[in-house]
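Right, one structure below, let's go through it.
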Amino acid sequence: MATHVVLTSGAKMWRSLPCPSSELRLDLTLACGQSFRWRETAERHWTGVMGGRVWTLTQTDDQLWYHVYANQKKQGGGDHKGTTASVQEENRAEERFEAPAVMDEKQSTMETEMLRDYFQLHVKMEDLYKQWGAADSHFKKTADVFTGVRMLRQDPTECLFSFICTSNNHISRIQGMVERLCQALGAPLCQLDQTSYHDFPTVTALADSSVEARLRDLGFGYRARYLQQSAKKILDTHGSQWLEGLRRIPYLEAREALRTLPGVGTKVADCVCLMSLDKPEAVPIDTHVWQIAKRDYKYAADNGQKSLTDKLHRDIGVVLCRSQEVPRPQRNEATKGRK
């Protein structure tokens, strides 16, 4: 059985790219509630699923190191729906997991570019921190403590359906829900030690009429209906490529389009816009951000309101969003085919 690797296992099993810790800290970026699929599987080693692959990431002072595991050999095709037959097939396939292999150069280049895209490494955070710190004393104090935090550029399908799970929830419980969702509906990728890794489900798999009942059995509660109905609406009204297409339209149009989906309010829509749809101007607002706006930025235009309205979302976003523009991601040819 394959195991989770660590950097001391041998450098030939790993690839790296230049990336100082001032530009990226894995512990802060992967555990802060942007993505819910990364776990610290050894000290300073993070394992998760991205782009249909299972990765372990770690870093030294000036290098980001990565290992990509060989996927299990798949039998047949189509969406993984967790039927009895498919579970039996998965169990048989798990006996044939391949050991980690050294990647060829073409594969290595493609996966390096996938990482650059995922972490948006073309954006130089040190320069932006200096710019923002000069404009905002509150940011400067915080930035000195939390250097290396980056916005991820996630797959829109994973980002949307993960954030539908965040309603009235906390990070550890959301992580458990997302993992159960992938185990139930996602295609199996590989098994490491006693952990099975699955891809994120497709919109087609999520839209199946049996999904709501299955997810309720798995503890999703009312969110089960939102997940299935949102997927069904996307397929019935727009098609499976619609979410990806929202990257190419203006921010407010994309946000309003997302808000037409069941279970998607302004905050969830803004999270999806910011973390997967290339909308750096999006500012997700919750009660914590609201309190920061009042405490640090003297925002007092809520007139004693107890809940966040559309107007409060808009006004607080204006207060918090400085005029410094973050460069938009430039997609490399090697990453265009990934999910």
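The values are calculated or read from the model by the stated rules, or taken from the named source; none is laboratory data. Please read all numbers here as calculations on a predicted model, not as lab measurements. Please note: Cβ atoms are built from the backbone with ideal geometry, for glycine as well, and neighbour counts cover all protein chains shown.
Could you tell me whether segment 6-22 includes any residue that is free of Cβ contacts under 8 Å to residues at least 12 places away in the same chain and part of a loop (DSSP other than H, G, I, E, B)?
The answer is yes, given that some residue of segment 6-22 is free of Cβ contacts under 8 Å to residues at least 12 places away in the same chain and part of a loop (DSSP other than H, G, I, E, B).
Among residues belonging to segment 7-41 that are of a type in the set (Asp, Glu) and closer than 23 Å to GLU126 by Cα, point out the one that is surrounded by the fewest Cβ atoms within 10 Å (Cβ to Cβ).
Here the answer is ASP27.
Could you list all residues from segment 302-328 that are modelled with pLDDT under 75 and either in contact with an Asp or Glu (Cβ under 6 Å, 6 or more places away or on another chain) or among the charged types (D, E, K, R) (or both)?
Hits for segment 302-328 are ASP302, LYS306, ARG322, GLU325, ARG328.
When segment 24-54 is examined, which residues are found to be without any contact (Cβ under 8 Å) to a residue 40 or more places away in the chain and within 16 Å of ARG153 (Cβ to Cβ)?
Once the filter is applied, which keeps residues that are without any contact (Cβ under 8 Å) to a residue 40 or more places away in the chain and within 16 Å of ARG153 (Cβ to Cβ), segment 24-54 yields LEU26, LEU30, TRP38, GLY48.
LEU115 versus (1) touching a strand residue (DSSP E or B) at 6+ places or on another chain (Cβ under 7 Å); (2) farther than 29 Å from HIS67 by Cα: which is the lone unmet condition?
The failed condition is (2).
Six or more apart or on different chains, Cβ under 6 Å: which pairs go from a residue in segment 250-262 that's more than 23 Å from TYR222 (Cβ to Cβ) to one that's surrounded by 13 or more Cβ atoms within 10 Å (Cβ to Cβ) and basic (Lys, Arg)? Could you list them?
Hits for this filter: TYR251/LYS279.
Within segment 217-227, can you find the residues that are farther than 21 Å from ARG37 by Cα and outside any helix (DSSP H, G or I)?
TYR222 - this is the single residue of segment 217-227 that is farther than 21 Å from ARG37 by Cα and outside any helix (DSSP H, G or I).
Tell me which residues, restricted to segment 42-64, are surrounded by fewer than 17 Cβ atoms within 10 Å (Cβ to Cβ) and among the basic types (Lys, Arg).
ARG44
If a residue must be more than 21 Å from the chain's Cα centre (by Cα), at pLDDT 85 or above and of a type in the set (Gly, Ala, Ser), how many such residues does segment 282-301 contain?
Residues that pass the stated criteria total 1.
Scan segment 282-299 for residues that are aromatic (Phe, Trp, Tyr) and part of a loop (DSSP other than H, G, I, E, B) and report the count.
So the count comes out to 1.
Which number in (1) over 17 Å from ARG225 (Cα atoms); (2) at pLDDT below 95; (3) in a loop (DSSP other than H, G, I, E, B) marks the one condition that LYS141 misses?
Condition (3) is where LYS141 drops out.
Could you list all residues from segment 29-59 that are closer than 28 Å to THR202 by Cα and not in a strand (DSSP E or B)?
Correct list: THR29, LEU30, ALA31, CYS32, GLY33, GLN34, SER35, PHE36, ARG37, TRP38, GLY51, GLY52.
Output the number of residues of segment 227-277 satisfying the condition of being within 25 Å of LYS311 (Cβ to Cβ), of a type in the set (Ser, Thr, Tyr) and under 19 Å from the mean Cα position of the chain (by Cα).
Of all residues in segment 227-277, those within 25 Å of LYS311 (Cβ to Cβ) come to 246, 249-275, 277.
Subset that is of a type in the set (Ser, Thr, Tyr): 251, 260, 266.
Filter again for under 19 Å from the mean Cα position of the chain (by Cα), leaving 251, 266.
Selection size over segment 227-277: 2.
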